[in-house]
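Trainee: Take this structure first; my questions come after.
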Amino acid sequence: MVDVLVTNGPWLIGIAAVFGFLMAWGIGANDVANAMGTSVGSNAITIKQAIIIAMIFEFAGAYLAGGEVTSTIRKGIIDSAYFVNSPELLVYGMISALLAAGIWLIVASALGWPVSTTHSIVGAIVGFAAVGVGSDAVAWGKVGGIVGSWIVTPAISGFIAFMIFQSVQKLIFNTDNPLENAKRYVPFYMALAGFVMSLVTIKKGLKHVGLHFTNVEAYALAVVLAILVGIGGMIAIKRLKMDSKADRQTQFGNVEKVFAILMVVTACCMAFAHGSNDVANAIGPLAAVVSVVESGGQINNTAPLVWWILPLGAVGIVLGLAIFGQRVMETIGKNITHLTPSRGFAAELAAASTVVIASGTGLPISTTQTLVGAVLGVGMARGIAAINIGVVRNIVVSWVVTLPAGAGLSIMFFFMIKGIFN
């Protein structure tokens, strides 16, 4: 059957490229909105500014740090040994998985549901492998780990966000002189943010550029950057002209302004880390198709990227966000609970911390679920009445539906594509 790959090779690569772009577009519309949703929802930045920041940093993350080599089958979900005798099935499967996941992400984005792009593509790959090849081809233990992460991830990030926000309340907002205390404590929050964001960028972003740090080096570098950020923050806050004799409401407003500056920094880092990490969801399956077709049916666990694949993924992500990202941003930033810059900062810092913890322990996590959990944690700190339960219910339902939806669509497309080319 390898002659199918030889005669239809250019067609298969062309179709895979179109569907890979669609998938990247869906990632931009759905996932990037998460990185920016808290900043927009808390009015730290406008939607236009968010799109510009995300364009620059997502593109930089995806293009600079998206990797020279990508693992063709994400997270070892399926066993490639089952495809050795019929490599064309892997090609059809990856093409159908990209189309299935892309369509599901666009539907979810239109409804304003923040779903996980990683889980969409994983569901799609599991679907075609289990039905098209055999259920033995799927590493079911890994799939179980993903289902478990639906509860664990939001719980961890929610707890961290709750603690950060409670500390901000105790140390700053609930005191007699919020502004003086903000000047005293905010540099520490800035340093903490600098530490976590440096770690996210070093661990998630830079390893793809060929900069490899040992754990000790990574932490040492993050500590140095954290101290610099803290000192910079101290100088910046001292320069702000604010009247500490003003009434409490004005002081609160001034404190929120300080957190708004922080939000912009955290948003940039999250966008960079996200671009470097999640672009693989779109380009991994595409790279697999290109490598199998060009090698005449050989299946490798990693594939060197052809020059046009990374820019295709990066441009797709940016366009998806710009054209379609607004709805998911509104869900995360405005509809779950009312966010101010200090609350948004607590949520984003908690989400980033969870990403660091997870990448250290190898938990398969979704940025989306991490952030939703963090926003919920901040809402809980103000009492259950501060949370819009209806919106949360819809989000949880959409998470549960994502794996089967991706799988069902992918099975359907798999048999269609197989029928066309065989």
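Trainee: So the check is Cβ under 8 Å with 6+ separation or different chains; which pairs have a first residue in region 222-240 that's more than 15 Å from residue 186 (Cβ to Cβ) and a second one that's surrounded by 15 or more Cβ atoms within 10 Å (Cβ to Cβ) and among the aromatic types (Phe, Trp, Tyr)?
Mentor: Final answer for the pair search is 222/195; 223/195; 225/195.
Trainee: Residue by residue through region 402-422, note down the ones that are more than 16 Å from residue 102 (Cβ to Cβ) and either in a helix (DSSP H, G or I) or in contact with a strand residue (DSSP E or B) (Cβ under 6 Å, 6 or more places away or on another chain) (or both).
Mentor: Keep residues of region 402-422 that are more than 16 Å from residue 102 (Cβ to Cβ), which gives 404, 415, 418-422.
Within region 402-422, 404, 415, 418, 419, 420, 421 qualify.
Trainee: Right, another one. Can you go through 257, 241 and tell me which one is surrounded by fewer than 17 Cβ atoms within 10 Å (Cβ to Cβ) and not in a helix (DSSP H, G or I)?
Mentor: Numbers: 257 fails: not in a helix (DSSP H, G or I).
Only one candidate qualifies: 241.
Trainee: Next up: Being charged (D, E, K, R) and crowded, with 24+ Cβ neighbours inside 10 Å is the filter here; which residues of region 273-297 pass it? Before the answer, list the steps.
Mentor: From region 273-297, those charged (D, E, K, R) are 278, 294; that's our starting set.
278 - this is the single residue of region 273-297 that is charged (D, E, K, R) and crowded, with 24+ Cβ neighbours inside 10 Å.
Trainee: Also: Of the residues 120, 109, 96, which single one is within 18 Å of residue 333 (Cβ to Cβ), modelled with pLDDT of 85 or more, hydroxyl-bearing (Ser, Thr, Tyr) and crowded, with 24+ Cβ neighbours inside 10 Å? So that I can check it myself, show each step before the final result.
Mentor: Working: 120 fails: within 18 Å of residue 333 (Cβ to Cβ); 96 fails: within 18 Å of residue 333 (Cβ to Cβ).
Result of the check over 120, 109, 96: 109.
Trainee: Inside region 126-138, can you point out the residues that are touching a strand residue (DSSP E or B) at 6+ places or on another chain (Cβ under 6 Å) and either modelled with pLDDT of 90 or more or not in a helix (DSSP H, G or I) (or both)?
Mentor: Narrowing region 126-138 to residues touching a strand residue (DSSP E or B) at 6+ places or on another chain (Cβ under 6 Å): 126, 129-130, 137-138.
If the condition is that a residue be touching a strand residue (DSSP E or B) at 6+ places or on another chain (Cβ under 6 Å) and either modelled with pLDDT of 90 or more or not in a helix (DSSP H, G or I) (or both), then 126, 129, 130, 138 are the ones that fit.
Trainee: What's the number of the condition residue 348 fails, among (1) without any contact (Cβ under 8 Å) to a residue 60 or more places away in the chain; (2) crowded, with 18+ Cβ neighbours inside 10 Å; (3) among the charged types (D, E, K, R)?
Mentor: Only one criterion is unmet by residue 348, namely (1).
Trainee: Pull out all pairs, ordered by first then second residue, where Cβ-Cβ is under 8 Å, the residues are six or more apart or on different chains, the first lies in region 174-189 and is farther than 18 Å from residue 161 by Cα and assigned to a helix (DSSP H, G or I), and the second is modelled with pLDDT under 85 and among the polar types (S, T, N, Q).
Mentor: Final answer for the pair search is 178/251; 179/244; 179/251; 179/254; 180/244; 182/254.
Trainee: Right, another one. Which residue is surrounded by the fewest Cβ atoms within 10 Å (Cβ to Cβ), if the candidates are limited to region 374-422 and must be farther than 21 Å from residue 348 by Cβ and charged (D, E, K, R)?
Mentor: Filtering region 374-422 for residues that are farther than 21 Å from residue 348 by Cβ and charged (D, E, K, R), the one surrounded by the fewest Cβ atoms within 10 Å (Cβ to Cβ) comes out as 393.
Trainee: With region 1-82 as the region, which helices (runs of 4 or more DSSP H) entirely inside it contain at least 1 residues that are in contact with a His (Cβ under 7 Å, 6 or more places away or on another chain) and modelled with pLDDT of 80 or more? Full working, then the answer.
Mentor: On the way: elements: 2-27, 33-41, 47-65.
Passing ranges, in order: 47-65.
Trainee: Still on this model: Which of the residues belonging to region 75-94 are in contact (Cβ under 8 Å) with a residue 60 or more places away in the chain and over 16 Å from residue 138 (Cβ atoms)?
Mentor: In the first step, residues of region 75-94 are kept if they are in contact (Cβ under 8 Å) with a residue 60 or more places away in the chain; the result is 75-80, 83-84, 86-94.
Answer for region 75-94, where residues must be in contact (Cβ under 8 Å) with a residue 60 or more places away in the chain and over 16 Å from residue 138 (Cβ atoms): 84, 86, 87, 88, 91, 92.
Trainee: Quickly run through region 265-297 and pick out the residues that are over 18 Å from residue 95 (Cβ atoms) and outside any helix (DSSP H, G or I).
Mentor: Those that are over 18 Å from residue 95 (Cβ atoms) and outside any helix (DSSP H, G or I): none in region 265-297.
Trainee: Considering (1) in a helix (DSSP H, G or I); (2) without any contact (Cβ under 8 Å) to a residue 40 or more places away in the chain, say which one residue 306 fails and leave the rest.
Mentor: (1)
Trainee: Quick check on residue 367: is it at pLDDT below 90, under 30 Å from residue 191 (Cβ atoms), out of contact with any strand residue (DSSP E or B) (no Cβ under 8 Å at 6 or more places or on another chain) and surrounded by 24 or more Cβ atoms within 10 Å (Cβ to Cβ)?
Mentor: Working: at pLDDT below 90: yes; under 30 Å from residue 191 (Cβ atoms): yes; out of contact with any strand residue (DSSP E or B) (no Cβ under 8 Å at 6 or more places or on another chain): yes; surrounded by 24 or more Cβ atoms within 10 Å (Cβ to Cβ): yes.
Yes; evaluated as a whole, the condition is true for this residue.
Trainee: For region 351-362, does any single residue satisfy the condition of being modelled with pLDDT under 90 and closer than 30 Å to residue 91 by Cα? So that I can check it myself, show each step before the final result.
Mentor: Quick first cut of region 351-362, residues modelled with pLDDT under 90 only: 351-362.
Still in the running and closer than 30 Å to residue 91 by Cα: 359, 362.
Yes, region 351-362 has at least one match.
Trainee: Could you look through region 25-66, keep only residues that are without any contact (Cβ under 8 Å) to a residue 24 or more places away in the chain and polar (S, T, N, Q), and pick out the one that is farthest from residue 336 (Cα to Cα)?
Mentor: Here the answer is 49.
The values are calculated or read from the model by the stated rules, or taken from the named source; none is laboratory data. The model shown is predicted, which means the values in this text are computed figures rather than measured ones. Cβ atoms come from the backbone with ideal geometry, glycine included; neighbour counts cover every protein chain shown.
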